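First up is the structure itself, then whatever we jot down about it.
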Amino acid sequence: MLQKVMHKEDLFQIAEKMQFGELHFKTDAKSGLRAIIAIHNTNLGPALGGCRCVAYDSTEAAIYDALRLAQGMSYKAAISGIKHGGGKSVLIKPEHIADRAAYFEAFGAFVDTLGGRYITAVDSGTSVSDMDLIARKTRHVVSTSNNAGGKGDPSPYTSHGVLRGIQAGVKFSKGTDDLKGVHVAIQGGGNVGYHLAKELRQLGARLTICDNKPETVARFAKEFGAASVDKEKIFDVDCDVFAPCARGGVLTHEVIGRLKAGIIAGGANNQLAEPAIGEAIQKRGIIYAPDYVINAGGLIQVSLDDEQLIMEKVNGIYDSLLNIFKQSRDYNQPSNVVADRIAREIIDHAR
């Protein structure tokens, strides 16, 4: 899907449509680094967004992923009341990283050349320890370890925000946000999926999980009593909530036609394979929590220092989504269209 989009339009056409600011590239033959930093917008402040290190089918796919993720970060910060713009870095992961320290130090030096216009953070394929390596070369990095003066892994805050989003969806659908007996199918058992499952189980929810790693599936079964299905069958689970917590682009027309859930609410970024999927979701009567609204907890945590304010904003995801769901119903617009409009108005007002 990503490559198809890049083939339809050239890079400048896509950037103009997405109202993009900057795109930076860096290669380092010695470490094997091939990096892209996308800065979408800085109206509200310096761009902040995670460093993703994954394998891609092509450079085009990596570029488009960076663009969409950076735009999502702009919208996420705006709608969450965070004084940052949106950015993202994508590292095209080589088959083997010979020297991880040299690899991430080279990326840190790249970040530093941008003079603070972009601040990086942990994301898919990177860890808190990787952020510590980046911090050797730049101060423009967050989610470092406590030993390096940071606050560690933000994923528990992301997952708590997703939990609040699920509660908002259940409230809008059923009139109560009590999750006892609510069946949630979680796609992906990484850090966010794990912490989400833990909170859901504590509130009495019933869980089904899929993951590429058998040991992860076994852990969910042991700790949370979760049922499991093959990753290709997670879309067919008869459940109340489908929670995508893995890679992006999972919501396609084919998947939407298969879903039995009445609510889509998960922690993954770029869940819609293309924006028009939002209309297909609305036509099926499914409540969709726009990804950059529901998964903003991690951004909130790394952006603020006051723990009370952090939790107020993370819990505020509940009310933000209820407002979006209501506007979606009242104006007969897909929820992603409503959220985009709200975010763009905030960004444009700050110009």
Problem set entry | Tally of residues being surrounded by fewer than 18 Cβ atoms within 10 Å (Cβ to Cβ) and among the aliphatic types (A, V, I, L, M) across segment 24-48 | 1
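How about segment 1-119: which helices (runs of 4 or more DSSP H) wholly inside it have at least 1 residues that are closer than 30 Å to Ile310 by Cα and touching a helix residue (DSSP H, G or I) at 6+ places or on another chain (Cβ under 9 Å)?
59-80, 100-112
Can you confirm whether Lys76 is under 18 Å from the mean Cα position of the chain (by Cα), buried (at least 16 other Cβ atoms within 10 Å of the Cβ) and either under 26 Å from Lys30 (Cβ atoms) or aliphatic (A, V, I, L, M) (or both)? Step through it out loud before you land on a result.
Working: under 18 Å from the mean Cα position of the chain (by Cα): yes; buried (at least 16 other Cβ atoms within 10 Å of the Cβ): yes; either under 26 Å from Lys30 (Cβ atoms) or aliphatic (A, V, I, L, M) (or both): no.
No: the conditions fail for Lys76.
Answer yes if at least one residue in segment 278-291 is in a loop (DSSP other than H, G, I, E, B), of a type outside the set (Phe, Trp, Tyr), in contact (Cβ under 8 Å) with a residue 40 or more places away in the chain and assigned by TED's automatic domain parsing to the domain that holds Gly175, and no otherwise.
Taking segment 278-291 first, the residues in a loop (DSSP other than H, G, I, E, B) are 284-286, 289-290.
Right, trim to of a type outside the set (Phe, Trp, Tyr) and you get 284-286, 289-290.
Applying the additional criterion that residues be in contact (Cβ under 8 Å) with a residue 40 or more places away in the chain yields 289-290.
Retained after the next criterion (residues that are assigned by TED's automatic domain parsing to the domain that holds Gly175): 289-290.
Checking segment 278-291: at least one residue is in a loop (DSSP other than H, G, I, E, B), of a type outside the set (Phe, Trp, Tyr), in contact (Cβ under 8 Å) with a residue 40 or more places away in the chain and assigned by TED's automatic domain parsing to the domain that holds Gly175.
Of all residues in segment 136-184, how many are assigned to a helix (DSSP H, G or I), closer than 26 Å to Arg247 by Cβ and touching a helix residue (DSSP H, G or I) at 6+ places or on another chain (Cβ under 9 Å)? Walk me through how you get there before you give the answer.
Filtering segment 136-184 for residues assigned to a helix (DSSP H, G or I) gives 146-148, 155-174.
Filter once more, keeping what is closer than 26 Å to Arg247 by Cβ: 155-170.
Now restrict to residues that are touching a helix residue (DSSP H, G or I) at 6+ places or on another chain (Cβ under 9 Å): 155-169.
Residues meeting the conditions: 15.
A quick yes/no check of all residues on (1) closer than 15 Å to Arg344 by Cα; (2) not charged (D, E, K, R):
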site	(1), (2)
Thr59	no, yes
Tyr64	no, yes
Leu67	no, yes
Gly72	yes, yes
Lys76	yes, no
Ser80	yes, yes
Ser89	no, yes
His96	no, yes
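Hey, among the residues in segment 86-128 that are polar (S, T, N, Q) and more than 14 Å from Ala66 (Cα to Cα), which one's surrounded by the fewest Cβ atoms within 10 Å (Cβ to Cβ)? Reasoning before the result, please.
Let us first name the residues in segment 86-128 that are polar (S, T, N, Q), namely 89, 113, 120, 124, 126-127.
Next, from what is left, pick out any that are more than 14 Å from Ala66 (Cα to Cα): 113, 126-127.
Working: Thr113: 12, Thr126: 24, Ser127: 17.
Looking at the filtered set, the residue picked out is Thr113.
Of the residues Thr126, Thr120, Thr216, Thr138, only one is more than 19 Å from Ala265 (Cα to Cα) and assigned by TED's automatic domain parsing to the domain that holds Gln271; which?
Working: Thr126 fails: assigned by TED's automatic domain parsing to the domain that holds Gln271; Thr120 fails: assigned by TED's automatic domain parsing to the domain that holds Gln271; Thr138 fails: assigned by TED's automatic domain parsing to the domain that holds Gln271.
Going through Thr126, Thr120, Thr216, Thr138 in turn, the sole match is Thr216.
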For this session: Answer yes if at least one residue in segment 57-67 is hydrophobic (A, V, I, L, M, F, W, C), closer than 22 Å to Ile342 by Cβ, crowded, with 20+ Cβ neighbours inside 10 Å and modelled with pLDDT under 95, and no otherwise.
Result: yes
Problem set entry | Residues of segment 212-235 satisfying the condition of being buried (at least 18 other Cβ atoms within 10 Å of the Cβ) and in a helix (DSSP H, G or I) | Thr216, Val217, Phe220, Phe224, Ile234, Phe235
Seminar exercise, completed: Flagged in segment 288-314 as over 17 Å from the mean Cα position of the chain (by Cα) and either surrounded by 24 or more Cβ atoms within 10 Å (Cβ to Cβ) or of a type in the set (S, T, N, Q) (or both), in numbering order, are Gln308
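Any residue at all in segment 187-199 that is touching a Leu at 6+ places or on another chain (Cβ under 8 Å), surrounded by fewer than 23 Cβ atoms within 10 Å (Cβ to Cβ) and at positive phi?
Applying the first criterion (touching a Leu at 6+ places or on another chain (Cβ under 8 Å)) to segment 187-199 yields 196-197, 199.
Of the ones still in play, those that are also surrounded by fewer than 23 Cβ atoms within 10 Å (Cβ to Cβ) are 199.
Subset that is at positive phi: none.
Within segment 187-199 (the criterion being touching a Leu at 6+ places or on another chain (Cβ under 8 Å), surrounded by fewer than 23 Cβ atoms within 10 Å (Cβ to Cβ) and at positive phi), the answer is no, since none of the residues qualifies.
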Problem set entry | Answer residue from segment 143-159, given it is modelled with pLDDT of 90 or more and surrounded by fewer than 21 Cβ atoms within 10 Å (Cβ to Cβ) and is farthest from the chain's Cα centre (by Cα) among those | Ser145
Problem set entry | Residue count for segment 185-211, restricted to those that are in contact with an Asp or Glu (Cβ under 7 Å, 6 or more places away or on another chain) and either assigned to a loop (DSSP other than H, G, I, E, B) or closer than 14 Å to Gly225 by Cβ (or both) | 2
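The values are calculated or read from the model by the stated rules, or taken from the named source; none is laboratory data. Not measured: the values here are computed from a predicted model. Cβ coordinates were reconstructed from backbone atoms using ideal geometry, including for glycine residues, and neighbour counts include every protein chain displayed.
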